[in-house]
Number of protein chains: 2
Amino acid sequence: MHKPEVKVTFQPSGRSVFVLPGTLLLEAAGRAGIILQTPCGGKGTCGKCRVLIGGRSVLACQERVQEAMTVEVPETSMFEAGQQILTTDSGEKATVNPFVRIIPFALEAPTHADPRSDTERLLAVIGVDIHIPVDVMRELPGCLRAHQWRGRAIVAGRRLLALDCRAQSSGVYGVALDVGTTTMVGTLFDLENGRECAVASRMNGQIAHGDDVISRIQKIRESPASLQALQAAVIETVNTIIEDLCRQARIAVASIYELVLAGNSTMQQILLGLDPSALGEVPFVQVFDRAITHPAVRLGIHANAGADTYVFPQIGGFVGGDTVAGMVAARLDRQAKPVLLIDIGTNGEIVLSAGQKLYAASTAAGPAFEGARIRQGMRAAPGAIEKVILNDDVEVNVIGNARPAGLCGTALIDAVAELLRTGIIDETGRIVDADELPATVSEALRQRLKPLENENRFELVPAEEAAGGEAICLWQRDVRELQLASGAIRAGINILLKRAGLQAHDLGEVLLAGAFGNFIRRNHARRIGLLPPLPTERIRFIGNAASLGAKMALLSADERHYADVLCHRTEHVDLSLDAEFQFEFSMAMMFPGPEADRT
Amino acid sequence: MHKPEVKVTFQPSGRSVFVLPGTLLLEAAGRAGIILQTPCGGKGTCGKCRVLIGGRSVLACQERVQEAMTVEVPETSMFEAGQQILTTDSGEKATVNPFVRIIPFALEAPTHADPRSDTERLLAVIGVDIHIPVDVMRELPGCLRAHQWRGRAIVAGRRLLALDCRAQSSGVYGVALDVGTTTMVGTLFDLENGRECAVASRMNGQIAHGDDVISRIQKIRESPASLQALQAAVIETVNTIIEDLCRQARIAVASIYELVLAGNSTMQQILLGLDPSALGEVPFVQVFDRAITHPAVRLGIHANAGADTYVFPQIGGFVGGDTVAGMVAARLDRQAKPVLLIDIGTNGEIVLSAGQKLYAASTAAGPAFEGARIRQGMRAAPGAIEKVILNDDVEVNVIGNARPAGLCGTALIDAVAELLRTGIIDETGRIVDADELPATVSEALRQRLKPLENENRFELVPAEEAAGGEAICLWQRDVRELQLASGAIRAGINILLKRAGLQAHDLGEVLLAGAFGNFIRRNHARRIGLLPPLPTERIRFIGNAASLGAKMALLSADERHYADVLCHRTEHVDLSLDAEFQFEFSMAMMFPGPEADRT
């Protein structure tokens, strides 16, 4: 069951995006490629992300989309003026040097003295080492003669992709696609000037076949024919996004001359029709790791007949193209100090850059951060409690104009962090019994401790205020799930640090990527031990790095080479093989003690 | 209207070929890839090409196929024992180093310690720089796991073409195709050992659309949609030949992993779907000249899904891939002295090799050599007079067990050469009046001179002996047609010699290629001035050089490189542009004087 998405249009750029009701406006803006200033990290304290909705001034980091709306973005709120030019996470402008190039030509007509073949005549002007496929060669004689031997050659690398001999060119565009397990985002670029023209997002059509990659792999292992169904589902989503992009920009699909796709290894393999079954059992083997270029038309993707699809290289196991794209966007090997890049989701991908050498691992955090396996958990949708604050009593923020119905991932972290601080949860993750509560705990909070048979629980919302008429609680079992999820990621971090001979305090920065990473409270993530004990200012949200990396690779062939270089330098660490992982995991499941409150 | 072809089977090889009734057995054998010894040049004098038909001993150079038959070929009659191994014209064994290679592999299964991707695992064994297309990559995971990580990689150049993981391989084959305007011949080779497995030939299905290239080009110029119909016709013929080859060798079409095609520029362009219209008007521009490699499946050719089609490079205008293939087979630049290669047909292609530099031209000889535009002319089919000898009276040879019905090209040359010798035709090509006849002319011959109104004619067969009840004559106008055809070729030869600063006597050899070239009498061709005045032993028949070149390019990638090198060294001479051509043409239309009889 998925809610219908609503359209949010941003002015003055006119860009629009479809999002689920309840999505934070800041996130919607990011998906539309509009990066707002958030020096406070989205806490609602700095006021820099102020935007206007129907003349009403709101903070984009606090406001949630409820219905279709138009949002005015003042230039002062932009991360950088002229943001239509792609910038890297570090603010560096992306180079515009696309793999797909446009070469105008004006040839001399053949004469007795110069009867060269049509291909040699063209190649002498556009480059003698360019390959002309037969399909394009078929257009050549008619095209040249009908248009006075003038036109534009669309060249992809050393291949003549298409000829455009019309007087009025219809433009040369490309699409960068972030192929997420849940959400897919496409961005249309004009390849002649590198300008972003439209953004569109959709739920990945594969969701009907399973929520996470493991269930989709399982489905294919059980019935190999499902591979085609899953591939068709994601290709259909790609085509829906392309259609939307073309409608927004008022261009024909034939004007799309290249696609760049980044996804996790399961998504990339299914999209290419490559059986991911071997990812479903030890030792988690990928079909490929080098970047793949394949004709879009052969995948059933709607684009120019000569358009290629570039799919990012992969590192190993579940560390796929989205991680590589994120590494490219973060310029991960170019930082002065060691850097950790973390993308938290059902799978947590962790990359540690220690100068010339990089280490990457994926860890099965499980779906706790997405609200699954939590007794009263839910996705970040209307009705979800997304924030929990404990003072004398409990305060909660709910997504949308709705009564609270359950807990989403960020609220789970908030709740546990706050209960740890107040001593209601101890370092082992146990919700203490009433007689163990510290004296400092207020009476209101004490009242919320509701033991039930063998399981303690803490009431966040009383029954009379909850949507379902049933109290919303944090259950002991939920804390255990969070310990598993958080511990898996933290253990991964620790193993990678050990591999590199580093300690947490050596890290110059921790970069949080991905949708979830952008919405957790850094201090709380640190408090529960998910992140190492570093000052908050060294923990930075970098938005959808995978998507940014895909855009950069579309706009510059150099970025693809850089992706290869990064992959080559990165060692894939299979955590399940690491002798110390189980020990680290057990240790990381323990919460930090009260000293963590003083960091 | 085309006669049904009949099947000729050669023993002990078992190879068979379909030919028109009336085809010389020597030619049929050649089409089946069986080269017989013919030191006398097919005059029927040396007796070396002796074969057995139903126990009856005949000379293959004198016997014509009338109906389906089986022919026993004694080993002593073979050009070389073990002729299944391809030899070049000079007797040199062709290198077997095909572009398509088979690489067996046995991989280690993935383990915790070695979880490389399937592609990296394979590439480490077959070559890290080999490209694996997505279509083949899709087979990889299942194929490797179902067959204990063993199999054979079929590699074309640096591309993985297919995987063969079955225990019993079904073999790796290739087809070389000579795509003639009239006849197409395909030869199947086992690419693992270079052995020839089957030969099949068919009429080019395009014949229904016009007899020669000019009429087919004209058809496309008038109605561009005909290009598709003509392409479909030739592809259908290719598929019929492939089907026949596979049936003979009992293999599946999927076992054909590569095709090499050689044809004239019109044939090659139509086959690839490239509009040949610009060849139909000055300055006769080709669409391409470099060799083309294109997936067979994209042309509708039946072969392995990954098979490529290699099409020969072209030199310019009407000098196409068949000429280049012939140059490759003749090792044209490797002769000690200058060499002339001539392929006589509707278009005569002439190549002069003068050391490092080569010159090529095509000349529109017109269809006189094929019996067209000759008043009582016909193709070399049953009923055609194919040989004319003048002694005291006229003797003629007729193809097949039939009454004479008309003249074919070789007889036309014979008749004119003999009439020149006897003085019945003078140097200007005039059939003299009765009162001008030399005294040496016999009474019987004098009686055959039959003036009719304004046109002289010479009776070859009286009405009562002719099939149609009408005398078969050589008409004055026929002599004029021959003068035009012969003069065009000879003028071309002279222009090329001049370009190279050579004279006819500098030529070490004149090589005659193609079906017609193999059947003309060398002395007669020289007598009428078609060939320069060189000793007969310096004029050599080299059979179907284009077909041989195609086979060599299938069996060795080096030959393709050699073809490129030859093309690069060859200057295309457009005779229509040469200031001296008209003069040379006029001169060459004059027949040599009586001194030619003494050569």
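The values are calculated or read from the model by the stated rules, or taken from the named source; none is laboratory data. Here the structure is a predicted model, which is why all the values come from computation and not from measurement. Positions of Cβ are backbone-derived with ideal geometry, glycine not excepted, and every protein chain shown enters the neighbour counts.
Figure legend. Inter-residue proximity from segment A:543-561: first residues touching a residue at least 60 places away in the same chain (Cβ under 8 Å) and on the phi > 0 side of the Ramachandran plot, second residues assigned to a helix (DSSP H, G or I) and buried (at least 24 other Cβ atoms within 10 Å of the Cβ), beta-carbon distance below 6 Å, spacing 6+ or different chains. Indicated pairs: A:Gly543/A:Gly30. A Cβ distance below 7 Å, combined with a sequence gap of six or more or placement on separate chains, defines the contacts here; from segment B:71-82, residues that are at pLDDT below 55 reach residues that are exposed (fewer than 15 other Cβ atoms within 10 Å of the Cβ) and not in a loop (DSSP other than H, G, I, E, B) in the pairs B:Ala81/B:Glu75. Restricting attention to segment B:145-161, the residues that are touching a helix residue (DSSP H, G or I) at 6+ places or on another chain (Cβ under 6 Å) and either surrounded by fewer than 21 Cβ atoms within 10 Å (Cβ to Cβ) or within 13 Å of another protein chain (Cβ to nearest Cβ) (or both) add up to 1.
Test B:Asp322 against the criterion of being surrounded by fewer than 24 Cβ atoms within 10 Å (Cβ to Cβ) and either at pLDDT below 95 or not in a strand (DSSP E or B) (or both), and give yes or no.
Against the criterion (surrounded by fewer than 24 Cβ atoms within 10 Å (Cβ to Cβ) and either at pLDDT below 95 or not in a strand (DSSP E or B) (or both)), B:Asp322 does not qualify.
Quick one: A:Ala504 ticks every box in (1) in contact (Cβ under 8 Å) with a residue 60 or more places away in the chain; (2) more than 17 Å from A:Ile344 (Cα to Cα) bar one, so which box is it? Unmet condition: (1).
Of all residue pairs spaced 6 or more apart or on separate chains, those with beta-carbon atoms under 8 Å, a first member in segment A:200-222 that is at positive phi and a second member that is assigned to a helix (DSSP H, G or I) and modelled with pLDDT of 90 or more are A:Gly210/A:Arg216; A:Gly210/A:Gln218; A:Gly210/A:Lys219. Of the residues in segment B:118-158, how many are under 27 Å from B:Arg560 (Cβ atoms), charged (D, E, K, R) and in contact (Cβ under 8 Å) with a residue 40 or more places away in the chain? So the answer is 2. Taking segment B:106-119 as the range and being surrounded by 17 or more Cβ atoms within 10 Å (Cβ to Cβ) and either at the interface with chain A (Cβ under 10 Å from one of its Cβ atoms) or within 40 Å of the chain's Cα centre (by Cα) (or both) as the test, the residues that pass are B:Pro110, B:Pro115, B:Arg116, B:Ser117, B:Asp118, B:Thr119. Residues in segment A:490-515 that are part of a loop (DSSP other than H, G, I, E, B) and within 30 Å of A:Gly180 (Cα to Cα): 3 in all.
I'd like to know if segment A:482-489 contains one or more residues that are assigned to a loop (DSSP other than H, G, I, E, B), touching a residue at least 12 places away in the same chain (Cβ under 8 Å) and surrounded by fewer than 23 Cβ atoms within 10 Å (Cβ to Cβ). Among the residues of segment A:482-489, not one is assigned to a loop (DSSP other than H, G, I, E, B), touching a residue at least 12 places away in the same chain (Cβ under 8 Å) and surrounded by fewer than 23 Cβ atoms within 10 Å (Cβ to Cβ), which makes the answer no. Among the conditions (1) closer than 30 Å to B:Leu460 by Cα; (2) not in a helix (DSSP H, G or I), B:Ala336 misses just one, which is (1).
Would you be able to say whether some residue in segment A:214-232 is buried (at least 20 other Cβ atoms within 10 Å of the Cβ), basic (Lys, Arg), farther than 30 Å from A:Ile102 by Cα and in contact with a Ser or Thr (Cβ under 8 Å, 6 or more places away or on another chain)? Yes, segment A:214-232 has at least one match. Looking at A:Ala485, A:Ala579, A:Ala588, A:Ala563, which is the one that is within 14 Å of another protein chain (Cβ to nearest Cβ) and either at pLDDT below 90 or within 28 Å of A:Val282 (Cα to Cα) (or both)? Going through A:Ala485, A:Ala579, A:Ala588, A:Ala563 in turn, just one is within 14 Å of another protein chain (Cβ to nearest Cβ) and either at pLDDT below 90 or within 28 Å of A:Val282 (Cα to Cα) (or both): A:Ala579.
The number of residues in segment B:262-318 that are away from every other protein chain (no Cβ under 11 Å), touching a helix residue (DSSP H, G or I) at 6+ places or on another chain (Cβ under 6 Å) and part of a strand (DSSP E or B) comes to 2. Residue by residue through segment B:120-144, note down the ones that are among the charged types (D, E, K, R) and at the interface with chain A (Cβ under 9 Å from one of its Cβ atoms). B:Glu120, B:Arg121, B:Asp135, B:Arg138, listed by residue number. Can you tell me which residue within segment B:172-205, out of those that are farther than 18 Å from B:Arg15 by Cβ and among the small types (Gly, Ala, Ser), is surrounded by the most Cβ atoms within 10 Å (Cβ to Cβ)? Applying the filter and picking the extreme gives B:Gly180. Residues in segment A:364-386 that are surrounded by 20 or more Cβ atoms within 10 Å (Cβ to Cβ) and not in a loop (DSSP other than H, G, I, E, B): 8 in all.
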